[in-house]
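First comes the structure, then the notes that go with it.
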Amino acid sequence: MTITSVVTDTGNLPGDGANFSFSFSPINILANSELRVYHTVTATGVETLLVEGTGATQYSVSAITFPGTGNIIYPATSTGAIPSTETILIKRVPTQDQQTLLKTQGPYSPKVLERTFDKIVTMILDLQEQLNRCLKIQITEPTITNLDVGDQSTFTAGDHLLVDAAGTGFSTAALSSGTDATASDASPADVSVSAAAAGSNADFSRDDHVHLLPTTVPRLATENIYTETQILNKGGDITAANALDLDAQPGNIFDITGNTAITSIGTIGIGTEVTLQFDGTPLLTHHATNLVLPGGQSIQIQAGDIAVLYEYAAADWRLKDFIHGTATNGRMPGPDYESAETALNDDAQTTFAHSLSRTPSKVEVILRANTATSQGWADNEEMVFPLQWSGALADDQVDVTFDGTNVYITQGFAIQLLDHTSFDSESITQTQYDWVVRAWA
């Protein structure tokens, strides 16, 4: 026999649920005892060294002429073939001995010598296979010059191997020393996001990690309950512009500086809600799709005013709430309804359908000049009529009422106003004035 193959094991041979024979060719052996047979369950990695025999958990070797190759039968009973999820590995492990005795002037037998040389080669191959599975230092590594890690007296259970301080060899160290760490099974503490901090302990324990508490607890697919304080980020100041760009700064709360009229707001994301505090006096300009304001009325902003808007569709913003910056300026956000200029109607009732679907929270009735009047009013000069008059109603008076559908103006025959020059009361020329009604939901 000659050794022409360096193969020392078959690798993992999967079963198929039917066959019992597993070949170990081209591996040559000198005796059955040189074989090691391993059974492995692939899913778990559990490996079992089998024993030669005749039982259901043992293997047998088919008849071969030594030296030579052949097959093993597993199980030896030829029942219960292993499935494809299990494997067999067959390895040659020669005995570490040499029992050939050559006598002086004895007969020469080439076969005896060849067999002896073959065994030596198989022993070398077995050692090489083991070396191939070992950690090795790169051959060009210049610094590791000492592979001695000490005698048994220096080893302690749980120590690990590391390059020594000089960088020329190896030593052992306990995991709890220096900056090394161990994993603790101590229960970590639940904390809020703001309480998370850097660790203070060399071990991985509750000192070094936290479980962040959720800020929302989902109940249904479309519902959240906030269990912690919600803090919205305040972005940097943004200068008022015709096309206001809120996406330039991260956040949901902004100071708006400057006085340039705002006619649109760029998209951030449908459903976004923002709070704007104005430091200047821009005109917040109503637009039917870009910037929808109550009643379709633009709002002249004053410093300190606050507007809450949400993005209903892409770049389609709606005013949700409005707060006056000062309690003394007497202004409200634009009305939800404002009528067209309507001629006065002697001794009759004029009806204005406000379409609010509810009784208004506030109503203003405006008397507006449509030209320079006999009482010294300028064109478009206006006054707010009180909703109730003191004293008994007369022909020079006006009654204003409203409900969930309409605002009603009932007027007498001769409305009187003070002349702006003489300061005397006089009946107005009704064609010089119009009614305007404003209502808030």
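Side notes on the structure shown:
- Beta bridges per DSSP with both ends in region 1-138, % antiparallel, nearest 5: 95 percent
- Distance between the 7 Å Cα→Cβ label points at Ile253 and Val308: 1.2 nm.
- Cα convex hull volume per residue for region 238-323 (Å³): 73 Å³
- Divide the volume of the convex hull around the Cα atoms of region 337-440 by the residue count and you get 93 Å³ per residue.
- The ranking of Thr350, Thr79 by Cβ neighbour count inside 10 Å, starting from the fewest, reads Thr79, Thr350.
- Here each label is just a point 7 Å from Cα along the line to Cβ, and for Ala288 and Tyr408 those points are 3.3 nm apart.
- Candidates per chymotrypsin sites (Phe, Trp or Tyr not before Pro) in region 51-137, loop by DSSP, up to 15 other Cβ within 10 Å: Tyr108
- Rg/Rh for region 1-138, where both radii come from Cα atoms and Rh is the Kirkwood radius: 1.04
Where a number appears in this text, it was derived from the coordinates with a stated rule and is not lab data. For clarity, every value in this text was computed on a predicted model and none was experimentally measured. Quick reminder, even Gly has a Cβ in these numbers, built from the backbone with ideal geometry, and neighbours come from all protein chains shown.
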